[in-house]
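Colleague: This is the structure I have questions about; it appears just below.
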Amino acid sequence: MNFPKITFALLLAVLLSSCSMLVSQRTPPGVTVDLIPGGRYARSYHRPMTPRYITIHATENRSRGCGARAHAQMLKYGTLKGRHNAIGYVSWHFTVDDHSIYQSLPVNERGEHADYDGPGNRTSIGIEMCENRGNDRARTVDRTARLAAWLMKEHGIPLSHIVPHQHWRMIRHDDRRDLGHKNCPHFLLDRGRPGAKWRTFLAKVNAYYRAM
Ligand SMILES: [Zn+2]
C-alpha cells in the first residue's frame, strides 16, 4: 500500500468536493427554481461540478405547450431517459422560453446534456432554449443571452467559454460509440458550425455582461 499516494488522492478528493461547495448558489434574476429531487432520477447520486463553461442547446421539441415549465416537469419526474449515459437520465441546469426560465439542477452539480463522460458535462452549465410552437424565438434567445451573461459574471466564466453544444464531441458512455458533434443549437449555427449567427449571439451576451 502506498500511503502518501492514498493520502494525496484523499486530499485531492476533499479539495475538489469543497471547490464545488464554494460555487455560488445565488438564483439568477427571473429564474424559477424547481429542482429534480435530490437522490432521484438524474440526481440519483451526487455528482459535484465546478462550472467553467456554459453550453447552449435548443430542445428541438416543437410540441405545443412544451415550454420551460413543461421541460422542468419532465426532468423532475424522470421522463427523459438517457439510455447511453452513466446515470440513465438526461439533465441540464436551465430551460428558457419567451416568458420564463426554470432551473432543474444546482450549478455545482453536473448534468447529462452535452457529451456523455466528456468535459462538456463535467465542466459546463447546460442551458436549453425552447422551440415549442407559439414560442417567440427572438425573446427566448434574448433571455438566454441575459442568463448566460449573469452566470458568466457570477462564476467568473469568460465569453470564450460560452459554447454551443456542437463544441463538444459526443462519445457514448455504454458502447463508446462516437457520435461526433451535434448540430445544436441548430438555429444559431451555420451549416452545423459556429458562424455569423453564433457571433451575433455572443455579441448579445457580451453586451449584457458589460451592462451589468
Ligand atoms: Zn444540445
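No lab work stands behind these numbers, since they all come straight from the coordinates. Not measured: the values here are computed from a predicted model. For neighbour counting, all protein chains shown are included, and Cβ atoms are generated from backbone atoms with ideal geometry for every residue, glycine included.
Colleague: Search region 28-63 for residues being among the aliphatic types (A, V, I, L, M) and surrounded by fewer than 22 Cβ atoms within 10 Å (Cβ to Cβ), and hand back the single one that is farthest from ARG139 (Cα to Cα).
Modeller: LEU35
Colleague: How about region 108-212: which helices (runs of 4 or more DSSP H) wholly inside it have at least 2 residues that are farther than 18 Å from TYR53 by Cα and away from the ligand (no atom under 16 Å from the Cβ)? Outline the logic, then answer.
Modeller: Details: elements: 119-123, 137-155, 196-211.
The qualifying helices (runs of 4 or more DSSP H) are 137-155, 196-211.
Colleague: For GLU154, which of the numbered conditions (1) surrounded by fewer than 19 Cβ atoms within 10 Å (Cβ to Cβ); (2) over 20 Å from PRO29 (Cα atoms); (3) over 15 Å from the mean Cα position of the chain (by Cα) fails to hold?
Modeller: So the condition that GLU154 fails would be (2).
Colleague: Does region 87-99 hold any residues that are surrounded by 17 or more Cβ atoms within 10 Å (Cβ to Cβ), of a type outside the set (Phe, Trp, Tyr) and in a loop (DSSP other than H, G, I, E, B), and which are they?
Modeller: Within region 87-99, ILE87, VAL90, HIS93, ASP97, ASP98 qualify.
Colleague: Assess whether PRO164 counts as being in contact with a strand residue (DSSP E or B) (Cβ under 9 Å, 6 or more places away or on another chain) and under 24 Å from ARG199 (Cβ atoms).
Modeller: It is true that PRO164 is in contact with a strand residue (DSSP E or B) (Cβ under 9 Å, 6 or more places away or on another chain) and under 24 Å from ARG199 (Cβ atoms).
Colleague: Can you name the number of the only condition in (1) touching a residue at least 24 places away in the same chain (Cβ under 8 Å); (2) on the phi > 0 side of the Ramachandran plot; (3) of a type outside the set (A, V, I, L, M, F, W, C) that GLY39 fails?
Modeller: Single failed check for GLY39: (1).
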